[in-house]
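*Asks:* The following block contains the structure, expressed as structure tokens.
The values are calculated or read from the model by the stated rules, or taken from the named source; none is laboratory data. As the structure is a computational prediction, the values presented were derived from the model and not from experiment. Positions of Cβ are backbone-derived with ideal geometry, glycine not excepted, and every protein chain shown enters the neighbour counts. For accessibility, only protein heavy atoms count, side chains too; no ligands or nucleic acids. Shrake-Rupley method; radii C 1.70, N 1.55, O 1.52, S 1.80 Å.
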Amino acid sequence: MGGMTSDSENTPEMPDWEKRFRAPRVGLPEWAEDAPDRCLFVSNATGTFELYAWDRATGAQRQATVRPNGTTDGTLSPDGEWIWWFSDTDGDEFGTWVRQPFAGGPDEPATPGLEPSYPAGLAIGRDGTAVVGRSTDWGSPQTESGGGSTVHVVPADGSAPTVIYRHRESAGVGDLSRDGTLVAIEHTEHGDAMHSAVRVLTLDGTTVAELDDSKGGTEELGLEVLGFAPVAGDTRLLVGHQRRGRWEPMVWDVASGSEVGLAIDLPGDVSAEWYPDGSALLIAHSFEARSELWRYDLAARDLVRVDTPPGTVAGATARPDGTVEFLWSSAAEPPAVRSNAGGIVLDPPGLRAPRSVPVEDVWVEGPGGRIHALAQRPAGRGDGPFPTVFEIHGGPTWHDSDAFAATPAAWLDHGFAVVRVNYRGSTGYGRAWTDALKHRVGLIELEDIAAVREWAVSSGLADPARIVLSGGSWGGYLTLLGLGTQPGAWAVGLAAVPVADYVTAYHDEMEALKSLDRTLFGGTPEEVPDRFEASSPLTYVDAVKAPVYIAAGVNDPRCPIRQIDNYVDRLAAREAVHEVYRYDAGHGSLVVEERIKQVRMELEFALKHLPA
């Protein structure tokens, strides 16, 4: 794999769990629409996740970004001449877009005239015009607009950007039409940050069409922009909707207003993107923690399966020659970029990640319906009961799947069973399941986790005296909340970048998350104080019995450091057993050695404090 080097190639013998982190991996290559041989992908080959340029015609590859804390947010201009990437400071997600020539050269400001912000979508036109979504703190004196969500048109000639959209609630850029005349945005002006509406504007800000499923019904329904048809002058927009209780696509002609549903009879959530000629859609189907691909012919209304192995497709793209490339893995098999034409598309150098063990599907009756969990047993350790880690996913609108993950594999290597729960709030099980956590935030999810814990003990999988509650981000929040509200259930708690003091977190977090929290709780902490109090880990900190390990990024805009310090101060005041690790990054780290260090600290903390 020319142009990429790996620090792992000459690494001395190390345990398998570390190899899984250090083994070089690559993301799905993005290709330039008008120059498909020019690609951009993410890799950790140097020990930090960075962007790489790849010219498929010559085979040449080069590392495009080099930053201490890594870079993953980037894209190509349609002509493939420019790499755009988002430059923040030490992982704080606040910054500006810069660009560099595809073949290499100095970085330059890509959006001159725009102040730093949180990113909220980007679309680049064929003439070099850019449509840039921005989010800043509402009422901030540092912003000319007073903050909130804005969409700007940045002309290619370097003239001053213009604002074509502004609102306090969260919004972002979805896509730009192929001829560069129409821009689709997702917005939540109705105040429900979980369910967006779609508006199509011209580049002077004139509204062309509006689609809002949040109006006129008893339940809020969401929409998402999936992309304009890749044909000049074509006014069809692919939109995801929830009208039948799950995500599925439709084709909306923004000029005529016609809406065409698709004859896709598959269970679970369905997403889609266009084939390059606009004649068909590449369908991504997610159901019960696994995914697969299909090709849908729009004229024949015919659905044909694209062959993929059982497991999880983390991303896919249809190439101009009709082949499909996809990033695939399973819990047992490390990820690889494959093609339905056969073989590996992009093979990283050096160390190979060792395999892990497959997952078992578990279904448990819970207070809100059947709960799906994924369980793994340590290989060669007998039948149990085992010390067990409940590894809780973040989001909350996300789900664990049959996909390769180095952290659960590390616990398995140390003799632990691992259980992951797709609690209410998770995606992939229908809109009602995802939307169920409103108002009783955190408490709903923990009811489901408790039900699966009961199964794990009664089935003989888990030793009830040696169960660890662990998670990052929303999973870290649920960990701290669970330690306080279910103190007898958990022997150790491991919380990475968590919400710990929800009121302080609300006031310090980025504006888009304030909008989400107002949706989840039904208002601000001042408007619904009882709900925030009932859902805040700080409320229950004095009930915590288990030893607690907390990792926090000092530059984190999502789960800011001050609210974590408030929680830690309360633990310290009562001399509760705890350790805190603060690191110089944001909401997690893109540096491999830093991630290994954190997992090692979690393992050592759990092994130290669990009963023998």
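*Asks:* Tell me which residues, restricted to the range 465-485, are under 26 Å from Leu516 (Cα atoms), touching a helix residue (DSSP H, G or I) at 6+ places or on another chain (Cβ under 6 Å) and not hydroxyl-bearing (Ser, Thr, Tyr).
*Replies:* Leu469, Gly471, Leu478, Leu480, Leu481, Gly482, Gly484 - these are the residues of the range 465-485 that are under 26 Å from Leu516 (Cα atoms), touching a helix residue (DSSP H, G or I) at 6+ places or on another chain (Cβ under 6 Å) and not hydroxyl-bearing (Ser, Thr, Tyr).
*Asks:* Being closer than 18 Å to Ser339 by Cβ and surrounded by 18 or more Cβ atoms within 10 Å (Cβ to Cβ) is the filter here; which residues of the range 281-311 pass it?
*Replies:* Residues of the range 281-311 closer than 18 Å to Ser339 by Cβ: 282-284, 291-295, 304-311.
Residues satisfying the conditions are Leu282, Ile283, Ala284, Ser291, Glu292, Leu293, Trp294, Arg295, Val306, Thr308, Gly311.
*Asks:* To continue, here is another question. Just for the range 41-99: of the residues that are aliphatic (A, V, I, L, M) and part of a loop (DSSP other than H, G, I, E, B), which one is nearest to Pro349 (Cα to Cα)?
*Replies:* Initial filter on the range 41-99 (aliphatic (A, V, I, L, M)): 42, 45, 51, 53, 57, 60, 64, 66, 76, 83, 98.
When the remaining residues are screened for being part of a loop (DSSP other than H, G, I, E, B), the result is 45, 57, 60, 64, 66.
On the way: Ala45: 8, Ala57: 20, Ala60: 14, Ala64: 17, Val66: 19 Å.
Here the residue is Ala45.
*Asks:* Between a first residue in the range 438-456 that is modelled with pLDDT under 95 and a second residue that is aromatic (Phe, Trp, Tyr), which pairs have beta carbons less than 9 Å apart while being 6 or more apart in sequence or on different chains?
*Replies:* What qualifies is Lys438/Phe521; His439/Phe521.
*Asks:* Which one of these does Val548 not meet: (1) within 30 Å of Asp16 (Cα to Cα); (2) open to solvent by 20 Å² or more (accessible area, probe 1.4 Å); (3) touching a strand residue (DSSP E or B) at 6+ places or on another chain (Cβ under 8 Å)?
*Replies:* Condition (2) is where Val548 drops out.
*Asks:* Let me ask something additional. Can you pull out the residues in the range 484-513 that are farther than 17 Å from Ile392 by Cβ and either outside any helix (DSSP H, G or I) or in contact with a His (Cβ under 6 Å, 6 or more places away or on another chain) (or both)?
*Replies:* If the condition is that a residue be farther than 17 Å from Ile392 by Cβ and either outside any helix (DSSP H, G or I) or in contact with a His (Cβ under 6 Å, 6 or more places away or on another chain) (or both), then Gly488, Asp501, Glu509, Met510 are the ones that fit.
*Asks:* Mind checking which residues of the range 239-276 are assigned to a strand (DSSP E or B) and aliphatic (A, V, I, L, M)?
*Replies:* Hits for the range 239-276 are Val239, Met250, Val251, Val260, Val270, Ala272.
*Asks:* Can you report the number of residues in the range 42-73 which are farther than 17 Å from Thr323 by Cβ and either of a type in the set (Phe, Trp, Tyr) or open to solvent by less than 10 Å² (accessible area, probe 1.4 Å) (or both)?
*Replies:* Of the residues in the range 42-73, 11 are farther than 17 Å from Thr323 by Cβ and either of a type in the set (Phe, Trp, Tyr) or open to solvent by less than 10 Å² (accessible area, probe 1.4 Å) (or both).
*Asks:* Continuing with this model, one more query. Can you find a residue in the range 205-217 that is in contact (Cβ under 8 Å) with a residue 12 or more places away in the chain, on the phi > 0 side of the Ramachandran plot, surrounded by fewer than 17 Cβ atoms within 10 Å (Cβ to Cβ) and touching a strand residue (DSSP E or B) at 6+ places or on another chain (Cβ under 9 Å)?
*Replies:* yes
*Asks:* Looking only at residues in the range 342-395 that are among the charged types (D, E, K, R) and not in a loop (DSSP other than H, G, I, E, B), which one is nearest to Ala289 (Cα to Cα)?
*Replies:* First, the residues of the range 342-395 that are among the charged types (D, E, K, R): 347, 352, 355, 360-361, 365, 370, 377, 381, 383, 391.
When the remaining residues are screened for being not in a loop (DSSP other than H, G, I, E, B), the result is 360-361, 365, 370, 391.
Details: Glu360: 11, Asp361: 9, Glu365: 17, Arg370: 14, Glu391: 15 Å.
Checked the range 342-395; the qualifying residue nearest to Ala289 (Cα to Cα) is Asp361.
*Asks:* Oh, and also: Which residue out of Gly113, Gly105, Gly158 is open to solvent by less than 50 Å² (accessible area, probe 1.4 Å) and of a type outside the set (A, V, I, L, M, F, W, C)?
*Replies:* Gly105
*Asks:* Just checking, which of Asp361, Asp400 is of a type in the set (Asp, Glu) and under 19 Å from the mean Cα position of the chain (by Cα)?
*Replies:* Within the list Asp361, Asp400, the selection yields Asp400.
*Asks:* Out of everything in the range 178-213 that is in a strand (DSSP E or B) and of a type outside the set (A, V, I, L, M), what residue ends up being farthest from His152 (Cα to Cα)?
*Replies:* Glu210
*Asks:* While we're on this one: Any residue at all in the range 522-531 that is under 16 Å from Pro498 (Cα atoms) and not in a loop (DSSP other than H, G, I, E, B)?
*Replies:* Checked against the condition, which is being under 16 Å from Pro498 (Cα atoms) and not in a loop (DSSP other than H, G, I, E, B), the range 522-531 yields no hits at all.
*Asks:* To continue, here is another question. Would you point out the residue of the range 312-333, among those that are closer than 28 Å to Ile449 by Cα and open to solvent by 30 Å² or more (accessible area, probe 1.4 Å), that is farthest from the chain's Cα centre (by Cα)?
*Replies:* Looking at residues that are closer than 28 Å to Ile449 by Cα and open to solvent by 30 Å² or more (accessible area, probe 1.4 Å), I get Glu333.
*Asks:* Could you check the range 430-470 and list, in sequence order, the residues that are part of a helix (DSSP H, G or I) and among the basic types (Lys, Arg)?
*Replies:* Hits for the range 430-470 are Arg431, Arg453.
*Asks:* Among the listed residues Gly425, Gly415, Gly475, Gly482, identify the single one that is crowded, with 24+ Cβ neighbours inside 10 Å and touching a Pro at 6+ places or on another chain (Cβ under 7 Å).
*Replies:* Numbers: Gly415 fails: crowded, with 24+ Cβ neighbours inside 10 Å; Gly475 fails: touching a Pro at 6+ places or on another chain (Cβ under 7 Å); Gly482 fails: touching a Pro at 6+ places or on another chain (Cβ under 7 Å).
Just a single option satisfies the conditions, and that option is Gly425.
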